[in-house]
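The values are calculated or read from the model by the stated rules, or taken from the named source; none is laboratory data. What you are looking at is a predicted structure, and each value in this text was computed from that prediction instead of being measured. FYI the Cβ positions are ideal-geometry reconstructions off the backbone, even for glycines, and counts take in every protein chain you see.
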Amino acid sequence: MRLFRKTLKRTAPLLVAVAIGAAAVNLGGSDAQPALTSSTALGEPQTAALQLEGEEVMVSATTATSPSEWPLQFSTVVPEPFQVETSVDEMGYRTRFVWNYPGSQPDPAPAFQVYVFDSDVTEDQVREHVTAIAQRLNLSQLASEDKAYPQADVEYARAASGHTARLSAGQNGDVMWYILTQYPSEYGDGFGPRQHLILNSWHWAGQAQGFFAAQNQ
């Protein structure tokens, strides 16, 4: 069943994954209530391999898992310099991975977030939400062969004025998701491989690792 087709409201929890520049888009709408923060568990420090400019480089990383009270649990590998933040609002559960490199930061800072919708949110609401983000960021729909994520039903992108943005949305069973990536283009060599590591390592409880693995990286 496709996300961008009218269906009845689901009763199971809905998953939405987002990659987003911090504060660039108000995901809760103009009437959104203040978010309540919750704790993300971080594992022991480790190292992870990244492909940076054609060479394999080992970077410091850690394992992040969702707050224990969240209905849909996840774990993934988070390389430096990403910092993990979690919060809850009236629509669902949000995990943000914020680029936190020492020194001056662009505004908004490059980041991506994972959002899990509450079971009361309908497919129509998710569809409207995705469309509104694409329109707000002036993104153009991509052809199927240009999609980064084979699981996506639809993707939008824009690369102009030194800024890169890509919005991918899809559905897998009871899981509905979107990934929105937004960062200054000059950060691409460092941001992209780290983002791919986090998404390729993503593991939802009861599902195989690498659900968000990209084909065009």
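The residues of segment 166-217 that are modelled with pLDDT of 80 or more and in a loop (DSSP other than H, G, I, E, B), listed by number, are Ser201, Trp202, Ala205. Among the residues making up segment 59-83, those that are touching a Phe, Trp or Tyr at 6+ places or on another chain (Cβ under 9 Å), assigned to a loop (DSSP other than H, G, I, E, B) and surrounded by fewer than 17 Cβ atoms within 10 Å (Cβ to Cβ) are Pro67, Pro71, Gln73, Glu80, Pro81. The residues listed here are Thr181, Thr131; of these, the one that is within 27 Å of Gln51 (Cα to Cα) and of a type in the set (Ser, Thr, Tyr) is Thr181.
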